[in-house]
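The values are calculated or read from the model by the stated rules, or taken from the named source; none is laboratory data. From a predicted model like this one, the values you see are computed outputs, not experimental measurements. Ideal geometry is used to build each Cβ from the backbone, glycine not excepted, and the neighbour counts take in all protein chains shown.
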Amino acid sequence: MPQELTTDAFETVWATVSFSRGLFGKAPNPAHIEKILRELSLWDKKDNTIRTLSGGMKRRVMIAKALSHEPQVLFLDEPTAGVDVELRKDMWQVVRELRDSGVTIILTTHYIEEAEDMADRVGVISKGEIILIENKAELMRKFGKKQLTLHLQKKLDVLPPALAAHNLTLADGGEELVFNYDTKAEHTGVTAMLSALSNAGIRFRDLQTKQSSLEDIFVGLVSQKS
Amino acid sequence: MNLRAVQAIYFSEMARTKRTIWQSIVSPVLSTSLYFVVFGAAIGSRITEIEGINYGAFIVPGLIMLTLLTQSTMNASFGIYFPRFTGTIYEILSAPVSGVEIAIGYVGAAATKSIILGLIILATSFLFVPLHVAHPLLMLSFLVLTSVTFSLLGFIIGIWADGFEKLQIIPLLIITPLTFLGGTFYSTSVLPPLWQKITLFNPVVYLISGFRWSFFEISDVSPSISIGMTLLFLVASLAVVWWIFRTGYKLKN
């Protein structure tokens, strides 16, 4: 499915989707076309000419055309550009079902959260060059970091020397202490760091942890490359 | 062969004809009927018979041929040019469809439209003039061969053209004048000897002459030469289409 919306504006939704199925040598299957159109919320537009549809609907027609011939490998180039949030969810549900049924999906997207949610393997392209292809879980493990933020009861101007060995940094004008660690490491250092804080008499009123997203990793990789 | 793809292209094109029936069918039939009224009934009634044939009847094969040639080229050229213009050609080129299958789909549909048009005009002409077809099978063969050949030519034009203006150039500036000068309204035997010779360089003369022979058994050139020339045009057009798909000319760049 191409990124550009190239459709015959004067054809109906039903005709253009059926045409795509025929082009790929598949026998007519109205039930399958109906299923796709219903899943993509296009059923009530099946007799409309494409020129009367909105941009988001046209994009869904392109997806319906791509799915019409029951492909085993599906290339989706920015499939959700211009599609509203609710319909985007429906579209991803269809794509997820296809993936679960064994269809190989190659997705290019600028919405990294979509890739994080959907992908088994992730490739990163920077300046036209593939800089990495990795199993998503492995990628998250390799490049992902976990961050613990402690909200202090009393503001600190400088980090006490006793805490210097614990990879801590002051943030938010001394109101917070940030600790980066690797959950997969043999020793995360969390216990030792908390003991050192206690010994130094530093107390905190709240804490939160945050895992790097695929987007953080992507931005890190691309900026590293450039 | 991916017959379903051929069917898909063919029926999609035929559906386009249905959507544009006023432009595709009604308009050419009406225009040709006007020729019958003007040249057949109004002016034709003052013209004596040509080689023993009523003038109104004499022009029927030429008028059918005029419609076949212009409509075949225009329909086929638009059929392939429009997907190129809108970008939908990518889908056809990325599908498991060979060049031969693409050509059969588009050319087949354009030729079918022309054959339908030719038959409607023939049926209409019976309303205006006394007409008898001496060799119906040969007449149908000419009809089909000419429609296919000029649909192939239209297909070539549709691939060569890079704008809507170029689509019109060959049908309007070459085919229509050649058809008018190729004996649509007269027998080339009435021309001065020099012009009779020059006329033989006009390929449309052979098409009209052979087609007219199938109606009245009169012709400007031998019917076998007409059949030979028609087949020659067909082979030449097939060769160009084959070259286009072999090289990807204007399709894959």
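Since A:ILE112 meets every condition but one in (1) of a type outside the set (D, E, K, R); (2) within 30 Å of A:VAL178 (Cβ to Cβ); (3) at pLDDT 80 or above, which condition does it not meet?
Just one mismatch for A:ILE112, condition (3).
Any idea which residue in segment B:189-227 is modelled with the lowest pLDDT, counting only those that are surrounded by fewer than 21 Cβ atoms within 10 Å (Cβ to Cβ), of a type in the set (S, T, N, Q) and in a helix (DSSP H, G or I)?
Per the criteria, the residue is B:SER189.
One line per residue, one yes/no per condition, for (1) farther than 26 Å from B:ILE47 by Cβ; (2) crowded, with 18+ Cβ neighbours inside 10 Å:
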| position | (1), (2) |
| --- | --- |
| B:LYS113 | yes, yes |
| B:HIS135 | no, no |
| B:ILE157 | yes, yes |
| B:LYS166 | yes, no |
| B:ILE170 | yes, yes |
| B:LEU173 | yes, no |
| B:THR179 | no, yes |
| B:PHE185 | no, yes |
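Inspect segment B:217-225 for any residue being out of contact with any helix residue (DSSP H, G or I) (no Cβ under 7 Å at 6 or more places or on another chain) and among the hydroxyl-bearing types (Ser, Thr, Tyr) and give the result as yes or no.
Filtering segment B:217-225 down to residues out of contact with any helix residue (DSSP H, G or I) (no Cβ under 7 Å at 6 or more places or on another chain) leaves B:217, B:222, B:224.
Checking the rest, the ones that are also among the hydroxyl-bearing types (Ser, Thr, Tyr) come to B:222, B:224.
The answer is yes; a qualifying residue exists.
(1) on the phi < 0 side of the Ramachandran plot; (2) out of contact with any Lys or Arg (no Cβ under 8 Å at 6 or more places or on another chain): which one isn't true of B:GLY79, the others all being true?
Condition (2) is where B:GLY79 drops out.
Just a yes or no: is a residue in segment A:102-119 polar (S, T, N, Q) and closer than 19 Å to A:TRP43 by Cα? Even if it seems obvious, please write down each step before you answer.
Keep residues of segment A:102-119 that are polar (S, T, N, Q), which gives A:104, A:108-109.
Within this subset, residues satisfying the condition of being closer than 19 Å to A:TRP43 by Cα are none.
Within segment A:102-119, not a single residue is polar (S, T, N, Q) and closer than 19 Å to A:TRP43 by Cα.
Which fully enclosed helices (runs of 4 or more DSSP H) of segment B:1-117 have 2 or more residues being within 14 Å of chain A (Cβ to nearest Cβ), over 28 Å from B:ARG212 (Cα atoms) and in contact with a Pro (Cβ under 7 Å, 6 or more places away or on another chain)?
Values: elements: B:3-19, B:27-35, B:55-86, B:89-94.
The qualifying helices (runs of 4 or more DSSP H) are B:89-94.
What helices (runs of 4 or more DSSP H) completely inside segment B:127-183 contain at least 1 residues that are more than 17 Å from B:GLN71 (Cβ to Cβ)? Before the answer, list the steps.
On the way: elements: B:136-160, B:164-169, B:176-180.
Hits in segment B:127-183: B:136-160, B:164-169.
Name the single residue that is modelled with the lowest pLDDT among those in segment A:31-61 being outside any helix (DSSP H, G or I) and either of a type in the set (Asp, Glu) or more than 10 Å from A:VAL13 (Cα to Cα) (or both).
Within segment A:31-61, the first condition is being outside any helix (DSSP H, G or I), and the residues that meet it are A:40-42, A:46-49, A:53-54.
With either of a type in the set (Asp, Glu) or more than 10 Å from A:VAL13 (Cα to Cα) (or both) added as a condition, the list becomes A:40-41, A:47, A:54.
Details: A:LEU40: 83, A:SER41: 84, A:ASP47: 91, A:SER54: 80.
So the residue we want is A:SER54.
Filter segment B:1-46 down to the residues that are crowded, with 18+ Cβ neighbours inside 10 Å and aliphatic (A, V, I, L, M), then identify the one that is farthest from B:GLY79 (Cα to Cα).
This residue is B:ALA5.
Among the residues of segment A:16-49 satisfying the criterion of being surrounded by fewer than 20 Cβ atoms within 10 Å (Cβ to Cβ) and among the aliphatic types (A, V, I, L, M), which is farthest from the other protein chains (Cβ to nearest Cβ)?
Top of the filtered list is A:ALA31.
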